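Asks: Just dropping this structure here.
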Amino acid sequence: MSLSERVRGVAIKRLRKYSVVNLVRLACWVALVGLAVMAASILDPSPLTVIFAMSVGEAIGIVAFLCYLLSILMDIVRGTDHAADAPGPAKQFREPEPTRDVTGSP
Amino acid sequence: MPHAGPWLGYVALASAIVAAAILLHFLLKRPKLDLRAKLMLLLGLGVFPTITAATSTVAGMEATTHREFCGSCHTMDDHFENATNPDAQSLAARHSRNPFFGEESCYVCHADYGMFGYALTKMGGMKHVYYYYLGGYRQMSKEEARRDVHIAKPYDNRNCRQCHTTTAHVWRSIPDHQAAAAQLASNKMSCASPGCHGYAHPFSKGPDGLGAATSASGHPAAEHAP
């Protein structure tokens with residue numbers, strides 16, 4: 001296995017390890033902070049709030065959007081082996097589900 | 001910069017509220033992360049915050065041109081009070097009463113003009129913020145500020161000539177203007193000097209000179225009156 005394949009494998013495993021849903025939730029909280037900072041500069045346009053909104057506020061917003069894009073990327077990488085609303089590892093990394101006896105034998 | 005008006009602030013707030021509503025709905029209701037939810041999140045995390053950022057930036061930049069913004073630092077209290085005093089007769093006060101200058105009289109007179117004028121003015125403004133919060137100006141008393149805080153560079157006559165073109169017949173017919181035309185053009189003599197139109201902010205010029213004759217309120221200062 002070449003180095004690039006190994007790196008790619010490690011990256012995919014890491015991406016799968018973290019939940020898409022959790023990352024999206026993180027993006028939402030971060031975006032709320034950014035929106036609050038930007039809104040504060042409108043409500044109270046003092047030098048510090050305006051400068052803070054134009055620098056830190058917008059940077060926070062960009063981080064939130066990048067988190068969202070990363071979650072989309074993770075979702076694409078995970079593919080169909082991971083239910084969209086199921087936090088936790090992908091199917092292939094989970095404990096095997098107990099098998100049911102479908103024959104009906106006692 | 002064109003006047004965007006207060007509606008831009010309303011747009012910024014409205015888009016922020018819509019984005020926050022989408023995000024809070026996702027965080028509190030925890031809907032299934034299907035295509036519909038993802039598209040809603042694209043609006044809540046991408047589209048509406050982008051609108052908020054863009055409009056709040058323009059609104060914020062415009063807010064920095066308002067006289068209240070300049071007067072929000074206590075070192076500018078005297079200047080603000082003088083400019084807004086309807087009885088004051090200083091150059092700054094008279095110009096501030098002119099509707100063309102309106103609520104942005106500080107900016108209109110002190111802005112750099114030309115292609116990069118707006119950016120240069122804002123960079124200069126950042127220096128003011130730095131000096132105020134990190135350079136010790138914030139701790140200054142008003143008396144210290146009046147004594148120690150001065151304009152960063154000599155006032156450029158070109159700013160006056162944005163309105164007073166100096167090409168009209170009336171201007172050229174005044175003998176003093178004719179005599180000083182070269183010095184005015186080269187900025188060696190200021191339009192706002194004691195022998196000419198007087199200081200723009202005379203109260204800030206100390207006890208000597210014409211500035212001493214006027215207090216911040218615009219009325220003759222008793223302690224300096226002859």
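Asks: Within the range A:30-47, can you find the residues that are outside any helix (DSSP H, G or I) and either surrounded by 20 or more Cβ atoms within 10 Å (Cβ to Cβ) or in contact with a strand residue (DSSP E or B) (Cβ under 8 Å, 6 or more places away or on another chain) (or both)? Spell out the reasoning first.
Replies: Keep residues of the range A:30-47 that are outside any helix (DSSP H, G or I), which gives A:44-46.
Correct list: A:Pro45 only.
Asks: Kindly evaluate B:Leu41 against the criterion of being surrounded by 15 or more Cβ atoms within 10 Å (Cβ to Cβ), over 20 Å from B:Thr121 (Cα atoms), under 20 Å from the mean Cα position of the chain (by Cα) and within 11 Å of another protein chain (Cβ to nearest Cβ). Break it down stepwise before answering.
Replies: Values: surrounded by 15 or more Cβ atoms within 10 Å (Cβ to Cβ): yes; over 20 Å from B:Thr121 (Cα atoms): yes; under 20 Å from the mean Cα position of the chain (by Cα): no; within 11 Å of another protein chain (Cβ to nearest Cβ): yes.
The answer is no for B:Leu41.
Asks: Note down all Cβ pairs under 8 Å where the first residue falls in the range B:171-191 and is on the phi > 0 side of the Ramachandran plot, the second is not in a helix (DSSP H, G or I), and they're at least six residues apart or on different chains.
Replies: Qualifying pairs under 8 Å: B:Asn187/B:Pro154; B:Asn187/B:Asp156.
Asks: Something else: One residue is enough: does the range A:48-66 have a residue meeting the conditions outside any helix (DSSP H, G or I) and either closer than 19 Å to B:Met123 by Cβ or at pLDDT below 95 (or both)? Explain how you work it out, then say what you get.
Replies: Applying the first criterion (outside any helix (DSSP H, G or I)) to the range A:48-66 yields none.
No - not one qualifying residue is present in the range A:48-66.
Asks: If B:Phe48 satisfies every condition in (1) modelled with pLDDT under 90; (2) within 10 Å of another protein chain (Cβ to nearest Cβ) but one, which is the exception?
Replies: (1)
Asks: If you take the residues in the range B:2-37 that are touching an Asp or Glu at 6+ places or on another chain (Cβ under 8 Å) and surrounded by 13 or more Cβ atoms within 10 Å (Cβ to Cβ), which one is nearest to the other protein chains (Cβ to nearest Cβ)? Walk me through it before giving the result.
Replies: Within the range B:2-37, the first condition is being touching an Asp or Glu at 6+ places or on another chain (Cβ under 8 Å), and the residues that meet it are B:3-4, B:8, B:32-34.
Now drop any that are not surrounded by 13 or more Cβ atoms within 10 Å (Cβ to Cβ), which leaves B:4, B:8, B:33.
Numbers: B:Ala4: 12, B:Leu8: 9, B:Leu33: 5 Å.
By that ranking, first place goes to B:Leu33.
Asks: Is it the case, given these coordinates, that A:Ile42 is within 24 Å of B:Ala63 (Cβ to Cβ), at pLDDT 90 or above, facing another protein chain (nearest Cβ under 10 Å) and out of contact with any Ser or Thr (no Cβ under 7 Å at 6 or more places or on another chain)? First the steps, then the outcome.
Replies: Numbers: within 24 Å of B:Ala63 (Cβ to Cβ): yes; at pLDDT 90 or above: yes; facing another protein chain (nearest Cβ under 10 Å): yes; out of contact with any Ser or Thr (no Cβ under 7 Å at 6 or more places or on another chain): no.
Judged against the criteria, A:Ile42 is not a match.
Asks: Check whether at least one residue in the range B:90-103 is part of a loop (DSSP other than H, G, I, E, B) and touching a strand residue (DSSP E or B) at 6+ places or on another chain (Cβ under 7 Å), and report yes or no.
Replies: In the first step, residues of the range B:90-103 are kept if they are part of a loop (DSSP other than H, G, I, E, B); the result is B:90, B:97-101.
So of that shortlist, the ones also touching a strand residue (DSSP E or B) at 6+ places or on another chain (Cβ under 7 Å) come out as B:90.
Within the range B:90-103, one or more residues are part of a loop (DSSP other than H, G, I, E, B) and touching a strand residue (DSSP E or B) at 6+ places or on another chain (Cβ under 7 Å).
Asks: Just to check your reading of the model, which residue among B:Gly198, B:Gly136 is touching a residue at least 60 places away in the same chain (Cβ under 8 Å) and at positive phi? Outline the logic, then answer.
Replies: Details: B:Gly136 fails: touching a residue at least 60 places away in the same chain (Cβ under 8 Å).
From the options B:Gly198, B:Gly136, the qualifying one is B:Gly198.
Asks: Might you let me know whether the range B:141-160 holds any residue that is over 21 Å from the mean Cα position of the chain (by Cα), small (Gly, Ala, Ser) and in the same structural domain as B:Ser90 (by TED's automatic domain parsing)?
Replies: yes
Asks: Looking at this structure, is B:Tyr133 modelled with pLDDT of 85 or more, in a helix (DSSP H, G or I) and assigned by TED's automatic domain parsing to the domain that holds B:Asn98? Outline the logic, then answer.
Replies: On the way: modelled with pLDDT of 85 or more: yes; in a helix (DSSP H, G or I): yes; assigned by TED's automatic domain parsing to the domain that holds B:Asn98: yes.
Yes; evaluated as a whole, the condition is true for this residue.
Asks: Considering only residues that are of a type outside the set (Ser, Thr, Tyr) and within 14 Å of chain A (Cβ to nearest Cβ), look in the range B:81-118 and name the one that is farthest from B:Gly136 (Cα to Cα).
Replies: B:Glu103
The values are calculated or read from the model by the stated rules, or taken from the named source; none is laboratory data. Quick caveat, the model's predicted, so the values are computed rather than measured. Note that each Cβ is placed from the backbone with ideal geometry, even for glycine, and that neighbours are counted across all protein chains shown.
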